[in-house]
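> Below is one structure. I have some questions about it.
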Amino acid sequence: MCKSVLSNIFLLPILLTPIVAEWNTRDYIRREHSLTKPYQGSGMSVPYWDFLGSTIVTSNYVRLTPDQQSKAGAIWNTAPCHTRNWELQVQFKVHGRGKDLFGDGFVIWYVRDRMQPGPVFGSKDYFQGLAIILDTYSNHNGAHNHQHPFISAMVNNGTLHYDHDRDGTHTQLSGCEAKFRNYNHDTHLSIIYKDDTLVVSTDLEGKNAWKECLRVENVLLPTGYFFGATATTGDLSDNHDIIAIKMYELDLLESQNKDEDRSNIIPSAATFEAPRERVEDSKPAMSGIKTFLWMMCIAIVIIVLVVVGIMWYQKRQETSRKRLY
């Protein structure tokens, strides 16, 4: 009996080892920052999430915008994130009827101010925090060194303007081409912020394998900001659907001080990509009808001037004859 008890005591640490090893790993999902099916809580509300604009919630997806012009929608987490190292995995679907022309895209946010509508894909400009931009339409008239759709990262301390006309090229940290539209299989995005390094990866081919899109070191982000997703359409449109958002808490590294207060850090990045020159929009040429009307007006003015000139000349001739007699 005693031998059996001793054997169990020695076996106990071995049995507990896998459990301890898995604790606080990337598999530790934070439910208060995640969005998974079924979405609805009580009534039409979704726990930990608020909605804006054209957003609709179905049993299979959260649609930020339908495939219609001039729409804007948003979904924002209600709980601030106090985790220093984290990974956000987003399952999404962008699709629509357009084959060559479509837009505009959507953004995954980690920012100070939530629920603030604005011109940057449905959220405010001059934001504070991080934006991962999935842009489907090129507004930049100059030479791009990439094709669209395009994924880019921007860190803002509240003083930078996101310039749509330049597709944000003057403020982006880095980016990559990513053809993520109109797939029949699931498409995924991973955003990892760990040890002041930002890594964005994609799984767009349904292979259950991440492909690194960008990696930027020396990125400072405070704790206490909010996750969100926004999308807009303009003259061009697409369905922008969020299917799932999963936030994982990652372990602290040995070099990181667990007691450090990072809530007052100002968002910043040590490097930016070089901006590209923009070619200003050329003035549109007049249509055939406008040209015809314009030429007709000129012809009428010329005819009127000629008639008036002839009448004036004839009047003058008559006056000269009267003087002679």
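The values are calculated or read from the model by the stated rules, or taken from the named source; none is laboratory data. Nothing here was measured: the structure is a model prediction, and the numbers come from that model. Every residue, glycine among them, receives a Cβ derived from its backbone with ideal geometry; neighbour counts consider all protein chains shown. Note: areas computed on protein heavy atoms with side chains; ligands, DNA, RNA excluded. Shrake-Rupley method; radii C 1.70, N 1.55, O 1.52, S 1.80 Å.
> Considering only segment 86-139, give the strands (runs of 3 or more DSSP E) lying wholly within it that have at least 1 residues that are open to solvent by less than 10 Å² (accessible area, probe 1.4 Å), over 18 Å from THR169 (Cβ atoms) and small (Gly, Ala, Ser).
In segment 86-139, 128-135 are the strands (runs of 3 or more DSSP E) which contain 1 or more residues that are open to solvent by less than 10 Å² (accessible area, probe 1.4 Å), over 18 Å from THR169 (Cβ atoms) and small (Gly, Ala, Ser).
> For LEU64, state whether it is farther than 30 Å from ASP235 by Cα, open to solvent by less than 40 Å² (accessible area, probe 1.4 Å) and not aromatic (Phe, Trp, Tyr).
No.
> Are there any pairs with C-beta distances below 9 angstrom linking a residue in segment 115-137 that is closer than 19 Å to PHE272 by Cα to a residue that is among the charged types (D, E, K, R) and surrounded by fewer than 21 Cβ atoms within 10 Å (Cβ to Cβ), with the two at least 6 apart or on different chains, and if so which?
PHE127/ARG112; PHE127/ASP113; GLN128/ARG112; GLN128/ASP113; GLY129/ARG112; GLY129/ASP113
> Follow-up. One residue is enough: does segment 190-197 have a residue meeting the conditions closer than 21 Å to THR83 by Cβ and aliphatic (A, V, I, L, M)?
So far as segment 190-197 goes, yes, one or more of its residues are closer than 21 Å to THR83 by Cβ and aliphatic (A, V, I, L, M).
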